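Structure first, commentary second.
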Number of protein chains: 4
Amino acid sequence: MKPVCLIIGAGAGIGGNVGKRFAQAGYHTVLCRRSNKEGLDTMVQEIEQSGASASGFLLNAIEPGSIENCVATVEADIGPIEVVLFNLGAQIGDRSLKETSPKAFEMGWRLATFGLFRVASSVFPLMEERGKGTLLVTSATAAVRGNRGQHSHAAAMGGRRMLCQTLNAEFAPKGIHVAHIIVDGAVDAPDTLGKMLGPEKFQKLRESRGLEHDGLMLPAKMAETYFHLAQQHRSAWTHEIDMRSFSDLAWWNH
Amino acid sequence: MKPVCLIIGAGAGIGGNVGKRFAQAGYHTVLCRRSNKEGLDTMVQEIEQSGASASGFLLNAIEPGSIENCVATVEADIGPIEVVLFNLGAQIGDRSLKETSPKAFEMGWRLATFGLFRVASSVFPLMEERGKGTLLVTSATAAVRGNRGQHSHAAAMGGRRMLCQTLNAEFAPKGIHVAHIIVDGAVDAPDTLGKMLGPEKFQKLRESRGLEHDGLMLPAKMAETYFHLAQQHRSAWTHEIDMRSFSDLAWWNH
Amino acid sequence: MKPVCLIIGAGAGIGGNVGKRFAQAGYHTVLCRRSNKEGLDTMVQEIEQSGASASGFLLNAIEPGSIENCVATVEADIGPIEVVLFNLGAQIGDRSLKETSPKAFEMGWRLATFGLFRVASSVFPLMEERGKGTLLVTSATAAVRGNRGQHSHAAAMGGRRMLCQTLNAEFAPKGIHVAHIIVDGAVDAPDTLGKMLGPEKFQKLRESRGLEHDGLMLPAKMAETYFHLAQQHRSAWTHEIDMRSFSDLAWWNH
Amino acid sequence: MKPVCLIIGAGAGIGGNVGKRFAQAGYHTVLCRRSNKEGLDTMVQEIEQSGASASGFLLNAIEPGSIENCVATVEADIGPIEVVLFNLGAQIGDRSLKETSPKAFEMGWRLATFGLFRVASSVFPLMEERGKGTLLVTSATAAVRGNRGQHSHAAAMGGRRMLCQTLNAEFAPKGIHVAHIIVDGAVDAPDTLGKMLGPEKFQKLRESRGLEHDGLMLPAKMAETYFHLAQQHRSAWTHEIDMRSFSDLAWWNH
């Protein structure tokens, strides 16, 4: 039986590409995303046509019980989850405090912090019994510094990072590897950046900074590092790592 | 008319002592706490008997509208709020992930992160109109590192710190000073540490580390630094500061 | 006998103003700087004319034995040093790696890191015997992030910050307070910024950002915080603090 | 012609193992260490007997010109250096300030900070012309926090980290990848930990925490991550990463 890699937040960017990478390496990948059944099916088909193995679920992570049921279903019907990628973002663009409704602020937390808590609460008891497992967490620069207009996002991501540390402190000695991955740059991803900018602006950005310039982070290339982290020997685990394009300023430089 | 200093979380530790310090300096201090009307009244009386000026409110910060109403009432009945101390803690002691219910996890956020968001959303538009104001935020080591068993607390405090940064980024140029104060040690406070440990253990700790040893942080002494921060000239504002007893290891040392 | 405050790096900016502040409060201030005997004498006279007490020394900190002799002389001839401000900068402007000679790189370390080590090695044994003392260390953003062109400065300041932490870990329990003060912005100081920019550019900057705009940090105002740090009760010491103008972006925002 | 991987600090721990890993992958590895010609020759032979390719040099990095000559010789006689591992440590064990001589303090900087500056100054102009290159820098927890007794080591490592950031800021856009690798734990390395502890204590530690417990970091396993970093696509470079054994507390937890 193939080990299972569960992707929570499997759009056409990091999530989908990490899913493909693990599938290529012999994992059965379970792709979960909130909407776009068609896109999801296409991704599953692509993986299967390449000879690898995948399933897809629509999952509304905000809904009570959704993540918990998904984990239970996958464990029951597919197999033991060995790797989880928590890849839900909560970037809503820059908004002044006045424009940030209590609801928007709460939504950021619910997706990006509480969602991770629920994933860990669902999967870690199972991994703990098996004495091993990996949780890869996509994070953002907002986890380490709060910029103007990022009230909801930064508060959610700051909480996410600290939660990764408390999870690591409790579960690393039990054989569960938690890696917090700071994505410090724009990703060449049509489902997130593309939607935020709109198709035209996104295409322009790709032409000016992306494509042969490599100024946008290529999710297929990022996936190599995600995969590597899950293969690290337990005597040499990484808990925190950052990533950005060579041509981008690091967040601490300006 | 005296400038107003609003204390959210005015127990017998940091909150009460900061309140007294501002009152001594000529502010009208408004003390808000969740319970113990008697303790609250005593604090107000003590301040008034010393010739200074104070009011007290019971405030259940978790309740929708509570903080918002409190701010509106103070502004209408007492005067313009010049300084706010956000002093709500969310430490519930060390709990494993299994012992951390979703409700407890959410409660930490609701008090420690969302509460701050609500305070800022209520007060900052008023301060912005007046072109000045100060928000002092008591924070904890858990805001910068997540220890074992601190899932709820660290996630909440990590969010709090990032929120302070986003608030500062938007409002400092408008004359509003946000200071994030990392309290990196045990405070000699009967209402928080005292309650967590119980009276006997607390007394023992005071005798072994506190009192003439100064190994517990004295809230009346800490209040001097809180007060100083609110007096800094706008050309020289502090955004982040830490505090601990001389005999305590800093959180990064071990 | 007045307590002594020793200022190493006493130009017309932070150093001189901190010196004045301590003198006003009843310390005998010893001002040390590398050159400009006239400027030094004027500062000493100003302090004395205000009824306070000061001395001045020319001190070439880079020279072997210079700091050590200065400390010994002050202790022998003036009195026990209670507070030291280490205020030597090592900013040489932005230079590419190619333009940074090994000598320039070493000079940065020698002044900014090794100088601090020598000060602590000279003064701490004396303070330790007396069971108390304070070391205030002016630091820079370069201590927490390395920007382009800052090879020498950032390496020196990064070393300085870590040294402050090791000093604090060893000496705080012995009653010696080490405070690392991150000055995160341009200071309205003719001897440093003024010299780096030249008189015309400096005056323009003062007119556009400084003066009534308060966009340059006013050293006389900063001195209040330096002074406060030295007065903190030992149960509530600050080890790290940052400062910047209200209108400046924090280093982590861009 | 094979690409060249230059290892500065090639003992039997991280340095040697990273060297082997690159050799296995088709690089010609150049191993440099200060002493033990026999050990060095053995390592070179082992690599060659496995069908891979290596050379060895004795290099006293502290000596003026030594690093510079080594780089020039390798470029002239072997080939263009594509990857450099800077792996010189400067840990001298815990020493109080009194026990830390100015010479010992300076030696730490000379090896760990200035050595890196010299390596970059020698190699980067060549890499810049070729538009690519990788500098892997082994670092330590002391780069991010200064513990008691670590005056020399922490000051040197704090400088090293900031220097990595300034190098990255200048050279990443030119295609040169700098990775700062925080080794946050004890490495199962006879040449460093083994020598510091002595053979008996080292063996005991290996039995109690190392070997099948994996509580000491295995350099052969760490080498996988070093190698991965050098293979990252330029759209997804890591600048900072930490590593520790699963059973070890992270430096921020205690």
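The numbers here are math on the coordinates, done by the rules we state, and not lab data. Just so it is clear, the structure is predicted and the values come from calculations on it, not from any experiment. Heads up, the Cβs are rebuilt from the backbone with ideal geometry, glycines too, and the neighbour counts pull from every protein chain shown.
List of remarks:
- Here the calculated FRET efficiency for residue B:1 and residue C:41, from their Cβ-Cβ distance with R0 = 51 Å, stands at 0.60, rounded to the nearest 0.05.
- Taken one residue at a time, the phi angles of the stretch C:83-97 give Karplus couplings (6.51, -1.76, 1.60, θ = phi - 60°) of 10, 10, 9, 9, 10, 7, x, 9, 6, 10, x, 6, 9, 5, 4 Hz. Gly and Pro are set to x.
- Size of electric dipole in the stretch A:1-83: Cβ of Lys, Arg +1 and of Asp, Glu -1, about Cα centre, debye, nearest 20: 240 debye
- Debye-sum result for chain D in log10 I(q)/I(0), which assumes one identical scatterer on each alpha carbon, at q = 0.12, 0.17 Å⁻¹: -0.68, -1.44
- Within chain C, the whole DSSP H helices whose Cα atoms reach 20 Å or more along their own axis and whose mean Kyte-Doolittle score is at least 0.0 are C:115-130.
- Cβ-based exposure ranking for D:178, B:187, in which fewest neighbours within 10 Å come first: B:187, D:178
- Signed unit charges on C-beta, dipole axis of the stretch B:178-254, positive-most listed residue B:247, B:178, B:227: B:178
- Pairwise FRET efficiency - residue D:77 versus residue D:233, Cβ, R0 = 45 Å, nearest 0.05: 0.90
- Prolate/oblate/rounded label for the protein assembly as shown (Cα gyration tensor, a/c 1.5): oblate
- Positive end of the dipole of chain C (Cβ unit charges, origin at the Cα centre): among C:146, C:3, C:69, the Cα lying farthest that way belongs to C:146.
- Residues listed by number, the stretch D:37-67, amide nitrogen under 11 Å from residue D:195 label point at 7 Å toward C-beta: D:37
- Placing R0 at 51 angstrom, the Cβ-Cβ distance between residue C:130 and residue C:94 gives a FRET efficiency of 0.75 after rounding to 0.05.
- Here is how far apart the residue C:2 label points are across copies: 3.7, 7.1, 8.0 nm, shortest first, using a point 7 Å from Cα toward Cβ.
- Across all directions, the average flat footprint of the convex hull enclosing the Cα atoms of the stretch B:166-254 is 7.4 nm².
- Entries in B:103/B:132; A:195/D:132; D:195/D:221 that, when Cα-Cα distance is taken, lie over 29 Å: B:103/B:132; A:195/D:132
- Solvent-free Debye calculation, one equal scatterer per alpha-carbon of the stretch D:1-63: log10 I(q)/I(0) at 0.21, 0.27 Å⁻¹ equals -0.70, -1.11.
- Value of [θ]222 nm, deg cm²/dmol, for chain A, DSSP H segments ≥ 4, -39500 (n - 2.57) each, nearest 500: -13500 deg cm²/dmol
- Per residue, the convex hull around the alpha carbon atoms of the stretch A:28-126 comes to 110 Å³.
- Protection proxy ranking, peptides D:92-103, D:3-14, average beta carbon neighbours within 10 Å, highest first: D:3-14, D:92-103
- For the rotational copies D and B, the chain D residue with its Cβ nearest the relating axis, together with that separation in Å, is D:254, 2.
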